[in-house]
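Student: Have a look at this one.
The values are calculated or read from the model by the stated rules, or taken from the named source; none is laboratory data. Given the structure is predicted, the values throughout are model-derived calculations rather than measurements. Every residue, glycine as well, gets a Cβ built from its backbone with ideal geometry; the counts of neighbours run over all protein chains shown. With ligands, DNA and RNA removed, areas are computed over all heavy atoms of the protein, side chains included. Shrake-Rupley method; radii C 1.70, N 1.55, O 1.52, S 1.80 Å.
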Amino acid sequence: MIALEAHAKVNLSLRVGVKREDGYHDIDTVMTRLQLADKIELELCLSGISLACSDASLPCGEKNLAWRAAKLFFEKAKISSGIHIKIEKKIPVEGGLAGGSSDAASVLLGMNRLYEEKFSSQELMKMASQLGSDIPFFIQNHTARCRGRGELVESLPNLQPQAEVLLIFPPFGVSTPWAFSAWDARDWQGEGRVPSAQSFGGILLENDLEAPVFDKYVVLATLKDYLLRLPGVEAALMSGSGSTVFAILRESADAEDLKQKLQAEFGETFLTELTAFLA
Ligand code: C5P
């Protein structure tokens, strides 16, 4: 049995380009990991792929990316064996933090360890990109710039932001396909609706998907504006296609006080979690 941590990510920047013939969009994004992580346990068995998850609302069969990752690994390795996967969810679902993608990447990495590093990182990256656009990022360990549909990963080992991060989880998720199609529906940039970039440690923080998502979920725009007015907050941005909004805290920030202020303003259905960039 081996245990792994599947970390959440945030997008420090996300620029969206044109829709391609395969239905995906070209993106140019910088992603980094957070300390917040799901816990994964893998145990080999004689046959079959079984998955147990602490969140009963998630599918446990082939609709789950982690299950599909195990299936793909066995297929590519031409191994006829079985595995039991246990996932303890800490990362919210449909939150723009790539929890499901990170779980799937951890299954690939963990199985590769169980089978004595059968595949190179390049081969694992290829398998990861077959499973989903966000997954190759998790095959490497650094902050990274990801292009193409997300699968072209350039590690940026010298770019490691350090700060505490307050995550705010609204009581609804945002569907990624919907967010991209809403981006296509209008010229948000031409209309001047894309919020201006902020900067943090030399990184330009911007997310093109904020414009279409904030247009539908107005409370997220209000939340971001509110965060930016708090003295303890250095910068605030939606992650991926949302709905999570993250605030990068100043060293002087009183995180407990910020949490209380947020709940007083937005209500208790807006959950918060204090974490940090992964050093
Ligand atoms: O690759 P993944 O399954 O994570 O993507 C989910 C959906 O998000 C895609 O089906 C597509 O609608 C949208 N997407 C996109 N362009 C990307 C990544 C995702 O349009 N670069």
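Student: What is the Cα coordinate range of the stretch 229-279 on the first, second and third principal axes, sorted by size from largest, in whole angstrom?
Tutor: Principal extents (Cα only, largest first): 31, 29, 19 Å.
Student: Normalise the Cα radius of gyration of the stretch 172-255 by 2.2 N^0.38 Å (N = residues in it) and let me know the number.
Tutor: Values: Rg = 13.2 Å, N = 84, 2.2 N^0.38 = 11.8 Å.
In units of the 2.2 N^0.38 Å rule of thumb, it is 1.12.
Student: Moving on to the next point. For LYS76, go through the aspartates and glutamates and keep the ones whose alpha-carbon is under 18 Å away, minus same-chain ones fewer than eight residues off.
Tutor: Output for LYS76: GLU62, GLU116, GLU117, GLU123.
Student: For the chain, what is the accessible area per residue in Å², given a 1.4 Å probe and the full set of protein chains?
Tutor: 46
Student: Now a separate question. Among PHE180, PHE74, what's the order by accessible area (1.4 angstrom probe), most exposed first?
Tutor: PHE180, PHE74
Student: Would you please classify the overall shape of the stretch 5-138 from the alpha carbon gyration tensor, given that a ≥ b ≥ c denote the square roots of the eigenvalues, rounded means a/c under 1.5, and beyond that prolate means a/b larger than b/c while oblate covers the rest?
Tutor: Judged from the Cα gyration tensor, the stretch 5-138 comes out prolate (a/c at least 1.5, a/b above b/c).
Student: Would you please name the trypsin sites (Lys or Arg not before Pro) within the stretch 40-138 that are DSSP coil residues with at most 14 other C-beta atoms within 10 Å of their C-beta?
Tutor: Here the trypsin sites (Lys or Arg not before Pro) that fit, given the DSSP loop and packing criteria, are LYS63, LYS78.
Student: Let me ask another. Taking every Cα atom in the stretch 1-49, find the radius of gyration and the maximum pairwise distance Dmax, and write them in Å.
Tutor: Rg, Dmax (Cα atoms, Å): 17.2, 46.
Student: Would you tell me the accessible area of ILE79, worked out with a 1.4 angstrom probe on the heavy atoms of the protein chains, in Å² to the nearest 10?
Tutor: Approximately 40 Å² of ILE79 is accessible to the 1.4 Å probe.
Student: Here's a follow-up. Take SER81 and SER196, extend 7 Å from each Cα along the Cα→Cβ direction, and tell me the distance between the two endpoints in nm.
Tutor: Label-label distance for SER81 and SER196, simple model: 5.7 nm.
Student: Along each of the three principal axes of the Cα atoms of the stretch 87-163, give the extent in whole Å, ordering the values from largest to smallest.
Tutor: If we take the Cα atoms of the stretch 87-163, the spans are 36, 29, 25 Å.
Student: Now for a different question. Based on Cα positions only, what radius of gyration and what Dmax would you give for the chain, in angstroms?
Tutor: 18.8, 58
Student: Which value at 222 nm does the chain reach when only helices count, each DSSP H run of 4 or more adding -39,500 (n - 2.57), with the total divided by all residues and rounded to the nearest 500 deg cm²/dmol?
Tutor: Per the formula, -9000 deg cm²/dmol.
Student: Another question, then. Over 26 Å between Cα atoms, which of LYS19/LYS118; LYS86/LYS261; LYS89/LYS216; LYS9/LYS71; LYS9/LYS39; LYS86/LYS216 qualify?
Tutor: Among LYS19/LYS118; LYS86/LYS261; LYS89/LYS216; LYS9/LYS71; LYS9/LYS39; LYS86/LYS216, the Cα-Cα distance tops 26 Å for LYS19/LYS118; LYS86/LYS261; LYS89/LYS216; LYS86/LYS216.
Student: What residue among PHE246, PHE200, PHE137 has the largest mean-square fluctuation in a Gaussian network model of the chain, using Cα springs under 10 Å?
Tutor: PHE200
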